[in-house]
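> Encoded as structure tokens, here's the structure I'll be asking about.
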Amino acid sequence: MKSIEIKGTAREIAERSSVQSKALKTIRKNNGVPCVLYGGKENIHFTVTNEALRNLVYTPNIYVVNLNIDGKEVKAIMQDIQFHPVKDTILHVDFLEITDGKPIVIEVPVQMEGLAEGVKAGGKLTLQMRKLKVKALYEKVPEKLVVNVAHLGLGKTVKVGELSYEGLELLNAKDAVVCVVKLTRAARGLAAAAQGKK
């Protein structure tokens, strides 16, 4: 996995929810994003700027985040993100601290490889799942999961249960379809013509 550096500033948590809510509004108004780091001895509440998160959030890539919170450095992954329902701005981000020897759960992008047999026959290859959820030690997590589709015929699928990667446990349902070669009108026409010649 690639790494990215993000600087943050620790923030205090108010005991009264009304005070806390006001504080969060002020942070967001000043172009900040409230964040929480979980997984360590104690949860750390901190703030980062919108700009600092841009390269982490608006990308298909996955990253190990080198968090620097007031000079304290921690390795983490982004675990959850909340967007504003209308404006699509980032409201909140949860990070999970990475501990050596302890597996993490993260979604990894899927990349198809090869020219499917069914595509040669006029079908259309469709990726149904852009990411798969994996459990692994962070150093074992690849930047992408490559799925070879060269063998896929018309109407055929690749399911999660058919895939395996060294050092990774796939957590999605085993019968979930990752990619499929769909029959098109052109493919049906070719199939019918082939039947007619027999």
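The values are calculated or read from the model by the stated rules, or taken from the named source; none is laboratory data. Model, not experiment: these values are computed from the prediction. Here Cβ is always computed from backbone atoms with ideal geometry, including for glycine, and neighbour counts include all displayed protein chains.
> Sort through V147, V141 and tell me the only one that's surrounded by 18 or more Cβ atoms within 10 Å (Cβ to Cβ) and at pLDDT 95 or above. Outline the logic, then answer.
On the way: V141 fails: at pLDDT 95 or above.
Exactly one residue qualifies, and that residue is V147.
> Is it fair to say P85 is at pLDDT below 90, under 26 Å from L132 (Cβ atoms) and either within 19 Å of the chain's Cα centre (by Cα) or not assigned by TED's automatic domain parsing to the domain that holds K133 (or both)?
Criteria not met by P85.
> Another question, then. Could you tell me whether any residue of region 92-102 is assigned to a loop (DSSP other than H, G, I, E, B) and out of contact with any Gly (no Cβ under 9 Å at 6 or more places or on another chain)? Walk me through it before giving the result.
To start, the set of residues in region 92-102 that are assigned to a loop (DSSP other than H, G, I, E, B) comprises 98-102.
The next check asks that each one be out of contact with any Gly (no Cβ under 9 Å at 6 or more places or on another chain); those that pass are 100-101.
Yes, because at least one residue in region 92-102 is assigned to a loop (DSSP other than H, G, I, E, B) and out of contact with any Gly (no Cβ under 9 Å at 6 or more places or on another chain).
> Also, quick follow-up: Only one residue in G161, G155 is small (G, A, S) and modelled with pLDDT under 95. Which one?
Working: G161 fails: modelled with pLDDT under 95.
The conditions single out G155.
> Let me ask something else. How about region 140-168: which of its residues are among the acidic types (D, E) and free of Cβ contacts under 8 Å to residues at least 60 places away in the same chain? If you could, list the steps in order and put the result at the bottom.
Taking region 140-168 as the starting set, the residues that turn out to be among the acidic types (D, E) are 143, 162, 166.
Answer for region 140-168, where residues must be among the acidic types (D, E) and free of Cβ contacts under 8 Å to residues at least 60 places away in the same chain: E162, E166.
> Now for a different question. If I filter region 176-195 for residues that are modelled with pLDDT under 95, among the hydrophobic types (A, V, I, L, M, F, W, C), under 22 Å from V57 (Cα atoms) and surrounded by fewer than 16 Cβ atoms within 10 Å (Cβ to Cβ), do I get at least one hit?
no
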